[in-house]
Amino acid sequence: MLEMKGIRKAFGPVKVLHGVDLEVRDGEVHALLGENGAGKSTMMKILCGIVRADEGTIVIDGKERSFEHYDEAIQAGVGIVFQEFSLIPYLTAVENIFLAREIKTGGFLARKAMRKRAREVLDKLGVDVPLNVPVADLSVAEQQFVEIAKALSLDARILVLDEPTATLTPSETEHLFKVMRDLRSQGVAIVFISHHLEEIYEIGDRITVLRDGEYVGTRDVGSISTDELVEMMVGRRIENNFPPKPPAAPNAEVVIDAAQIQLRKNGPVSTFQLRKGEILGFAGLVGSGRTETALSILGAYPAASVKVEINGTPGAPANPSEALARGIGLLPESRKDQGLITSFSIMQNISINNYGKYRTLKYFLDLSEERKHTTKVMEDVQVKAPGPDVPVDTLSGGNQQKVVIARWLNHHTPILIFDEPTRGIDVGAKSEIYHLMRQLTEEGYSIIMISSELPEVMGLSDRVCVFRSGAIVATIEGDEITSEDIMKHATTGKLRYVA
Amino acid sequence: ATVASAQDDQLKIGMTFQEMNNPYFVSMREALMEAAEGINAEVVVTDAGHDVAKQISDVEDMLQQDIDILLLNPTDSAGIESAVRMAKDAGVIVVAVDANANGPVDTFVGSKNRDAGYLSCQYLAEAMGGEGEVAILDGIPVVPILERVEGCKEALGEAPGITLVDTQNGRQDRSVALGVVENMMQAHPDLGGIFSVNDGGAMGALAAIQGAGKDIKLTSVDGAPEAVDAIARGTPFIETTAQFPRDQIRVGLGMALAQYWGAQVVPAEVPIDVRVVDAENAEDFAW
Amino acid sequence: MSHDAETQRSSSPVHTVLASIKHSPLLLPLVGLIVVSIAMAFASDNFFSVDNLVNVLRQQSIIGILAIGMTFVILTGGIDLSVGAVMALCGTLGAGVMVNMGLPGWLGLLAMIVVGILFGLFNGILVAWGKMPAIIVTLATMLIARGLGLVYSGGYPISGLPGWVSWFGIGRIGGIPTPIIIMVVLYALAWVLLQRTAFGRHVYSIGGNETAANLSGVNTKRIKLFVFMISGFTSAMAAIVLTGRLMSGQPGAGVAFELDAIAMVVLGGTAIAGGRGLILGTLIGAILLGIINNGLNLMGINPYLQDVIKGLIILLAIYIGREWR
Amino acid sequence: MSHDAETQRSSSPVHTVLASIKHSPLLLPLVGLIVVSIAMAFASDNFFSVDNLVNVLRQQSIIGILAIGMTFVILTGGIDLSVGAVMALCGTLGAGVMVNMGLPGWLGLLAMIVVGILFGLFNGILVAWGKMPAIIVTLATMLIARGLGLVYSGGYPISGLPGWVSWFGIGRIGGIPTPIIIMVVLYALAWVLLQRTAFGRHVYSIGGNETAANLSGVNTKRIKLFVFMISGFTSAMAAIVLTGRLMSGQPGAGVAFELDAIAMVVLGGTAIAGGRGLILGTLIGAILLGIINNGLNLMGINPYLQDVIKGLIILLAIYIGREWR
Ligand SMILES: Nc1ncnc2c1ncn2[C@@H]1O[C@H](COP(=O)(O)OP(=O)(O)OP(=O)(O)O)[C@@H](O)[C@H]1O
Ligand SMILES: Nc1ncnc2c1ncn2[C@@H]1O[C@H](COP(=O)(O)OP(=O)(O)OP(=O)(O)O)[C@@H](O)[C@H]1O
Ligand SMILES: [Mg+2]
Ligand SMILES: [Mg+2]
């Protein structure tokens, strides 16, 4: 039903796709796999008429098509959930779902009808999303569902889902899969992009693998093992995903002693300690307050009360710049919105908060030193890029993430908060980041890792704080760190309130 | 003064206006153009838009073009001084028109603005029967305007039955003045007369008075065609003390030419009379 | 889950209404309006008369009309600095059509509207297709419009219009001044456009996230074009009222009106970055600004000091309301 | 930004220079400058004299200095509409200190600088800590500054300054007019600040992505504060030159100077949304605008028409340069 053949695309001098083929049948879930920057998203944008291919043909139902604009793709029955959110923050879910496809009666909006229809679509997804509030006020997961509902409401016959599960919890992902199965049984062709291989095995029928813009091959899911798949993707075998954990060190120095963090007035309170040289996992369902807790330690979130001691000095930083001075750095969850200065080069992004060591005459920048240092950290974390002066917005997601990590390695802040460090990152890069994190703790760094991926939390954390409804309900370590335990606390843990 | 650029046989006159968005200055420009054509002189005209800094720049640009005569209508007397000096240093004859400028100006030709304010307000007080509340619709704070207000206040002071209840700035702009006067009438329901510092503001005030249907008498300074027309039609606008912009230019240019031709003494100041224009003589008056 | 989300879903209708008032972006402008009105009433006896309130509305009608188009443009994340100059140009050319060309008055009015929309079209094409920043485009077209008006009229106001034109400025319908009626009707139309049509949604969506709107299939270029054309149209409507009030075409009118119009929009709770705001807020902002001007005048405050006070009030209002934008 | 950097590494020096010119954001402003200069030279004989070019630079010095602060503010994604009014206020109060208070002249100059920086501080606090949009804050402070100057002086200009003050306006150092020297020195300082200090990088980073800059530890509030203080300082420096040129404190000076300053910044290739741009571009923009003004004056174009032409040239320049921002 859909055939893309010999697709080539270059952005300026950067060749992104070198003749990629993709063939998707009616009623199948076709997984598109590849490392960060392999060209998956670009391929899909070409399908939808958002990016124009330099060469190649698109055939839908035996008819050759080329779309000038996303609108035309929609007309032809193609719908997409973008990797980057495409919602309008101040419009409601209903308004977003029907944006540019409003139902009208006599020229005016049929608001009731749209509401009803939106409710239907969301019910089909099995989620209860408030319809009257701006989507900016919704949680990330809720926004993701609105996004999916928007694509579903098109009644598309070819549906592209570009990493829809990156921000979903396992149970939410299950919901989504149910819907995908339904659609599949109705004959819809689904292209599904994810870096979670277990998801591919669960829902996928066939797999097409890309590597660095090259077409590697297409296989049936049943006929290929994980190892083979990974080898197809990265061209090598990935050994041992998680580095070994060091023995517990209960007497290690406490670097962050959070006696009381209360996010909202009269809300529950959290208590936790971060020890030197450990990876402390923050687990919990999406929206359980992990990010906000982390941000309030940095002074970037106006929590109701924060009582915290950092390296023995009491008092919470007033803003991230003070936090930085006190040795805390953050890898934010949304690298595009919160991590990168997109108009800056890689080098400038890395050096942004640490000019201390490239100074001449005390106040002036030493540009050649800057280049030398940043190039080195860039190589340390293996950013794939032509050089340190490349604009950071031309990098793929994973490489952008590495740039943000490099920023903190460049700075040597001994306490790091990694918020979803591997969100949207391919397996190869993931493993690299895990090893990097462990290596850092061995060097004396202390890390808080917020993650929605249970295997990651379990495989990497020395101890885990489990969040529920805005606060930590349990802190577990050693053998207690099992998925059952975490999920139990995350769903039923007892909240603590101050008297 | 000497003939600045003897190699250039055509006489070159520069004229810089404080603003040209006003019939008063537009008619000056017309008079200048006519006169210049008569003596086959080249003319450069600039518009400072009430910005002294720009006016200095304008003069500088003119000096680049080797003008022989500078007719200067300063937007600020003190601020323009450096331009006057520059022009004199370049050997250019400088005549200030309408408002005087500091510095070595050769001749100043301008209306008797104090008289104008005085006459208008005297007329207003008399028309009001010597008693009632009066307001002043002020304008951009430049010397001629300030002098008119002073003159007006003097005349009002001589009428014991008249009280000055309000002074607001209409910025000599019709639309601004309209709103300001509407508010004035709200604040002072018994207002009997308004003096506007110029006809632009007065036209706005007239619209406000007519819109409110009030019996408020209005006088002003300038003698702009529209104002004269309104006075002739018998509106609340009863008088404007007319200036003679064309004559100011003609006289000013004459003084400059006298020097250009070698006159060693010219009057430092040539005051131009103003004239009361009211319903009786409005029909025959024009700039 | 967010808090307002929860309240919206909660049951009781009274509670819902209360909550929706509490969360309405109109709340603060309204509170501001009430506070300022009370302050003015204490400071000046004449303030709370029907006459004076009508007076305030009539005075604000011209810039209030300009502020409608400005609201549309700002909602898309743009800005239109040319409104005052375009208004002056429309008025001048319209008067020229009636007086200099001697054509019937209605043709003059039509000319104003055509000129206004054409200028909006010009702005819109440059912003939408030319991909140039609105602030610069309209800064330049402000110069152009202003210059054209002055060139056409030679700097003179154009008077001698047919008498009935004054109806638009000082006439009354059922006792209510025409300018107020025109303004209110235009606000009502704008409300319908923004709240009850797909076009309105698209306007908001562009201000919220232009890329996303474009990806969702909103024809962002066309919407931006329309938005500037609306602003041109409201400039023309303001010109009609102005011409009626001044009974002449004034090439120099409307200097800095764009700043007052922007102040109205923002005092009304619309985010300057676009995407959020209500047209009714702009109306409240217009009245608020009018009351400030009028009140300070009534109190006989030194006109120079009035600007200072006005500036401080704007700062205060925006400061209090800043959580909302 | 990144492209020119990239080329810095490539081999041949000639190639490097060529490529870095080709990719520099200064290219288009420079080309614009050359094209306009040639056009003006054809149109007017007097244009290409050293005297006239010095004349152009001197004329642009005041707004050119304002445009320095404006560049900083715009690079952070803000805007400062108050520059002209603050300049007028500084000049008026400074003259007041010298004349009305009879204090020594240097105290007057110091007062100007203090007032300018304080106003910048005020703007900065409101924008950074008050979280209010810069366009509105500075619109309000423009009113406030303008009003304060007029209140203080009663509307009259303040003259009678010590003679040496004129040195700042019409003096010369080694044959070059002082205003030009002051301007060039300030541009050089600004270049160093922006390109060679951490502060400069932070300025760019805020314009690029404020959230990200904040989360990575840039003290965004403090940087924004500084940026407005710099703008206040350059307003004060402009006031000193202006006072020297006018030999008086002019409370009404500088109306709409902010628009010219913005035009210079944008003509110089700086993105109005912030994050991208070079201070040298602003200097080129200033000269470009000066040449346009001067050329049109030299040609004896009808002043009304000059605005139209200026507007069209700005549009054209931005249109051609739009890919860069
Ligand atoms: N607008 C652009 N300009 C230049 N290069 C681009 C642009 N968009 C994408 N690229 C480059 O194209 C390549 C493919 O990017 P794409 O987003 O398709 O990767 P992906 O496979 O979706 O990766 P990820 O898993 O990280 O999302 C990357 O190297 C990226 O840097
Ligand atoms: N701007 C906002 N306005 C209202 N509510 C918000 C806002 N930002 C976040 N929230 C809500 O606060 C709660 C906690 O969010 P937070 O991002 O800390 O969760 P999290 O556990 O880190 O989840 P995630 O995996 O999505 O990052 C969520 O319910 C979210 O919807
Ligand atoms: Mg992708
Ligand atoms: Mg989070």
Quiz item: Can you tell which of B:Trp287, A:Val127, C:Ile125 lies farthest toward the positive end of the dipole of the protein assembly as shown, using +1 and -1 charges on the Cβ of basic and acidic side chains (Lys, Arg; Asp, Glu)?
Solution: A:Val127
Exercise. Under 1.5 on a/c is rounded, so check that first for region A:254-492, then, if it is not, pick prolate when a/b is larger than b/c and oblate when it is not; a ≥ b ≥ c are the square roots of the alpha carbon gyration tensor eigenvalues.
Key: prolate
Self-check item: Residue (of A:Phe282, D:Gly254, B:Ile13) at the positive-pole extreme of the protein assembly as shown, dipole from beta-carbon charges
Solution: A:Phe282
Practice problem: Using only the Cα atoms of the protein assembly as shown, build the gyration tensor, take square roots of its eigenvalues as a ≥ b ≥ c, and label the shape rounded, prolate or oblate: rounded if a/c is under 1.5, else prolate if a/b is larger than b/c, else oblate. | Solution: prolate
Quiz item: Across every pair of different alpha-carbon atoms, what Kirkwood hydrodynamic radius in Å does region D:57-324 reach?
Solution: 18.6
Quiz item: Can you name the helices of chain C, as whole DSSP H runs, whose Cα span along the helix axis is 30 Å or more and whose Kyte-Doolittle mean is not below 1.0?
Solution: C:50-75, C:105-128, C:220-246
Self-check item: Cα long-axis angle, helix A:483-492 against chain A (0 to 90 degrees, to the nearest 10)
Solution: 90
Quiz item: D:Val192: net charge of surrounding residues, Cβ under 15 Å, Lys/Arg +1, Asp/Glu -1, itself excluded?
Solution: +3
Quiz item: Which angle from 0 to 90°, rounded to the nearest 10, does the C-alpha axis of helix A:397-411 make with the longest principal axis of chain A?
Solution: 10
Quiz prompt | Pseudo-label separations to other copies for C:Tyr319 - Cα-to-Cβ vector, 7 Å, nm | solution = 4.5
Quiz item: In peptide D:294-303, how many Cβ atoms from other protein chains are near each Cβ within 10 Å, on average?
Solution: 6
Quiz prompt | Karplus-derived 3J(HN,Hα), 6.51/-1.76/1.60, for each residue of region A:98-104, Hz, glycine and proline x | solution = 9, 4, 6, 9, 4, 8, 10
Quiz prompt | Computed magnitude of the charge dipole of chain D (debye, nearest 20; Cβ of K, R +1, Cβ of D, E -1) | solution = 560
Quiz item: Where Lys and Arg each count +1 and Asp and Glu each count -1, what net charge lies around D:Asn293 among other residues with Cβ under 14 Å from its Cβ?
Solution: -4
Quiz item: Taking the Cα centre of each part, how many Å lie between region C:147-178 and region A:187-264?
Solution: 72
Quiz item: So how do A:357-363, C:215-221 stack up, highest first, on mean other-Cβ count within 10 Å?
Solution: C:215-221, A:357-363
Exercise. Find every distance from the label point of D:Leu110 to the corresponding label point in the other copies (7 Å from Cα along Cα→Cβ) and write them in nm, one decimal, shortest first.
Key: 7.0
Quiz prompt | Integer Hz, Karplus 6.51/-1.76/1.60 couplings in order for region B:246-256, x for Gly and Pro | solution = 5, 5, 4, 5, 4, 5, x, 4, x, 4, 5
Exercise. Could you quote the convex hull projected area for region A:202-357, Cα atoms only and averaged over all directions, in nm²?
Key: 14.3
Quiz item: What's the center-to-center distance, using Cα atoms, between region C:270-325 and region D:190-205 in Å?
Solution: 36
Quiz prompt | Relative intensity, log₁₀ I(q)/I(0), of region B:178-284 from a Debye sum that treats every alpha carbon as a point, q = 0.14, 0.19 Å⁻¹ | solution = -0.61, -0.87
Quiz item: Using the per-residue mean of other Cβ atoms lying within 10 Å as a proxy for protection, in what order, highest first, do the peptides B:189-202, A:336-349, A:479-492, C:124-137 fall?
Solution: B:189-202, A:336-349, C:124-137, A:479-492
Quiz item: Ordered by residue, what ³J(HN,Hα) values in Hz, to whole numbers, does region A:126-140 give under the Karplus form 6.51 cos²θ - 1.76 cosθ + 1.60, where θ = phi - 60° and Gly and Pro are x?
Solution: x, 10, 10, 10, x, 9, 9, 9, x, 5, 4, 7, 8, 6, 4
Self-check item: Test item: Cα-centred dipole of the protein assembly as shown, Lys/Arg +1 and Asp/Glu -1 on Cβ, debye
Solution: 2700
Quiz item: What residues have an amide H closer than 5 Å to that of A:Leu331, excluding those fewer than 5 places away on the same chain, when H is modeled at 1.01 Å from N in the peptide plane?
Solution: A:Ile417, A:Phe418, A:Asp419
Quiz item: Which net charge results when you count Lys and Arg as +1 and Asp and Glu as -1 among the other residues whose beta-carbon is under 13 Å from that of B:Arg171?
Solution: -2
Quiz prompt | Helix-derived mean residue ellipticity, 222 nm - over chain D, DSSP H n ≥ 4, -39500 (n - 2.57), to 500 | solution = -24500 deg cm²/dmol
Quiz item: From the label point of C:Leu305, set 7 Å from Cα along Cα→Cβ, how far away are the matching label points in the other copies, in nm, ordered shortest to longest?
Solution: 4.9
Quiz prompt | Which of C:Ile62, C:Pro179, A:Leu176, positive extreme of dipole for the protein assembly as shown (C-beta unit charges) | solution = A:Leu176
Exercise. For every helix of n ≥ 4 consecutive DSSP H residues, a contribution of -39,500 (n - 2.57) applies; sum these over chain A, divide by its total residues, and give [θ] at 222 nm rounded to the nearest 500 deg cm²/dmol.
Key: -9500 deg cm²/dmol
Quiz item: Is chain B rounded, prolate or oblate when judged by the Cα gyration tensor, a ≥ b ≥ c being the square roots of its eigenvalues, rounded requiring a/c under 1.5 and prolate requiring a/b larger than b/c?
Solution: prolate
Self-check item: Quotient of Cα Rg and 2.2 N^0.38 Å for region B:29-108, N being how many residues it contains
Solution: 1.02
Exercise. Can you tell me the dipole magnitude for region A:254-492 around its Cα centre, using point charges on the Cβ only (Lys, Arg +1; Asp, Glu -1), in Debye to the nearest 20?
Key: 640
Practice problem: Compute the acute angle (0 to 90°) between the alpha-carbon long axis of helix B:143-157 and the principal axis of greatest extent of the alpha-carbon atoms of chain B; round to the nearest 10°. | Solution: 30
Quiz item: Just how far, in whole angstrom, is region B:59-122 from region A:61-115 if you go by their alpha carbon centroids?
Solution: 67
Quiz item: Convex hull over the Cα atoms of region A:2-234, averaged projected area in nm²?
Solution: 13.0
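Values quoted throughout were computed directly from the atomic coordinates according to the rules given, and no laboratory measurement underlies them. Quick caveat: nothing in here was measured; it's all calculated off a predicted structure. Because the Cβ atoms are built from the backbone with ideal geometry, glycine has one as well, and the counts that use them run over all protein chains shown.
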